[in-house]
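What follows is a short report on a single structure.
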Amino acid sequence: PPTRSYALVCPACGHGNREKARYCLFCRAPLSAIDQPLLKEAPMPLRFHVASHTDRGRVRSINQDAVFFSKLTVPRGLTALLGLVADGMGGHSAGEEASRIASETVRKQISKEAAELAASEDTAWQELLRRAATSANRSVFETARANREQHGMGTTLTIALIVGERLHIASVGD
């Protein structure tokens, strides 16, 4: 990809800034010229175009897929991108309900907790994905246990979360 040269590296978010900048252009953190390494040929910021399409297939009468993509605000004014796909288990009752429950549970939990995490804390983001997937599993299980007609329902779940220039992924199922 094309690259740009920057004189200062932001210690908070890692983005490059012009030589005499006092604050990071991306996260607004204060910059100090003391002991700053010269950043050469920094990659250009990532840009995304997102599209999705689901298909019920030839066997099922209803679509059991749930797809979600959204921007989230994280500390210091940065934006995180959350994408997920949940695919209800074919052949099991209420797969479409399982994928919807899992999708909503993950979306709500990550949206709520993302505002509290620093962009540079990889372990914290990975733990958030683990908690969100576990919470989604628990919600699907409890709903199935409470409703006889939904007994045995299930879904796969894949979560992608981009924070700064880091991609965090959680996958359950296929």
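The values are calculated or read from the model by the stated rules, or taken from the named source; none is laboratory data. Remember, it's a predicted structure, so these values are computed and weren't measured experimentally. FYI the Cβ positions are ideal-geometry reconstructions off the backbone, even for glycines, and counts take in every protein chain you see. In case anyone asks, the SASA skips ligands and DNA or RNA and just uses the protein heavy atoms, side chains included. Shrake-Rupley method; radii C 1.70, N 1.55, O 1.52, S 1.80 Å.
Condition (residue is more than 20 Å from the chain's Cα centre (by Cα), closer than 30 Å to Ile110 by Cβ and either part of a strand (DSSP E or B) or at pLDDT below 85 (or both)) applied to region 73-85: is it met by at least one residue? Write out each step before concluding.
Taking region 73-85 and keeping what is more than 20 Å from the chain's Cα centre (by Cα), we get none.
Looking through region 73-85, none of the residues is more than 20 Å from the chain's Cα centre (by Cα), closer than 30 Å to Ile110 by Cβ and either part of a strand (DSSP E or B) or at pLDDT below 85 (or both).
Name every residue in region 125-174 that is within 25 Å of Lys71 (Cα to Cα) and hydroxyl-bearing (Ser, Thr, Tyr), in order of residue number. Hits for region 125-174 are Thr134, Ser135, Ser139, Thr155, Thr156, Thr158, Ser171.
Going by the conditions given, is Ser171 in a strand (DSSP E or B), surrounded by fewer than 16 Cβ atoms within 10 Å (Cβ to Cβ) and without any contact (Cβ under 8 Å) to a residue 60 or more places away in the chain?
yes
Residues in region 38-58 that are β-branched (Val, Ile, Thr) and at pLDDT below 75: none. Please indicate, with yes or no, whether at least one residue in region 132-139 is free of Cβ contacts under 8 Å to residues at least 60 places away in the same chain, in contact with a Ser or Thr (Cβ under 9 Å, 6 or more places away or on another chain) and within 30 Å of Pro11 (Cβ to Cβ). Checking region 132-139: at least one residue is free of Cβ contacts under 8 Å to residues at least 60 places away in the same chain, in contact with a Ser or Thr (Cβ under 9 Å, 6 or more places away or on another chain) and within 30 Å of Pro11 (Cβ to Cβ). For region 86-120, filtering for residues that are assigned to a loop (DSSP other than H, G, I, E, B) and surrounded by 21 or more Cβ atoms within 10 Å (Cβ to Cβ) leaves 2.
In region 17-37, the residues that are at negative phi and at pLDDT below 80 reach residues that are open to solvent by less than 80 Å² (accessible area, probe 1.4 Å) and not in a loop (DSSP other than H, G, I, E, B) with C-beta atoms within less than 7 angstrom, at least six apart or across chains, in these pairs: Ala33/Leu8; Gln36/Leu8; Gln36/Val9; Pro37/Val9.
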